[in-house]
Amino acid sequence: ILLRGKNRMRQIKIKNQEMQVKVAENPLKRAIGLSMRKKGKMLFKFPKETKAPIDMMLMRGSLHLYFINSKQKVTHTEKAEPWYRLPEKYFHRPKTSYKYLLESFVQLDLEKGDKVCF
């Protein structure tokens, strides 16, 4: 884990590509997430597997969501739009539980079944 100022950063590896992501490990950081930002990537770490819904209420732009299980395998991917663009879809939730969620404003080379190393 890399620490930079007050923001926790972690290096992750997807296939042969490494990248830095912010880490949201507590309830407040997970609630705020990437709200009111226009760029970046964030890894949400939950204390145990969950089916918690993800909302896009305070988002300015679209996000790519990558739901990851405790074995660090992607179980579901989805492009999520802010509420003002797609008001009929308030929450995003995969059918299976997840322990980590990777959010990104840009689409990553990541598909269901891929392994994410962190």
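Tell me the per residue accessible area of the chain using a 1.4 Å probe; a whole number in Å² is fine. Mind showing how you got there, number by number?
Working: 7170 Å² over 118 residues.
The answer is 61 Å² per residue.
What translational diffusion coefficient, to the nearest whole µm²/s, does the chain have by Stokes-Einstein, given a Kirkwood radius computed over alpha-carbon pairs, a temperature of 10 °C and 1.306 mPa s viscosity? It comes out at roughly 111 µm²/s. In the elastic network of the chain, a GNM with C-alpha springs shorter than 10 Å, the most mobile of E81, E103, E18 is E18.
Expressed as a whole percent, the accessible surface of region 21-118 that belongs to carbon and sulfur atoms is 55, based on a 1.4 Å probe.
The values are calculated or read from the model by the stated rules, or taken from the named source; none is laboratory data. The structure displayed is predicted, hence computed values, not measured ones. For accessibility, only protein heavy atoms count, side chains too; no ligands or nucleic acids. Shrake-Rupley method; radii C 1.70, N 1.55, O 1.52, S 1.80 Å.
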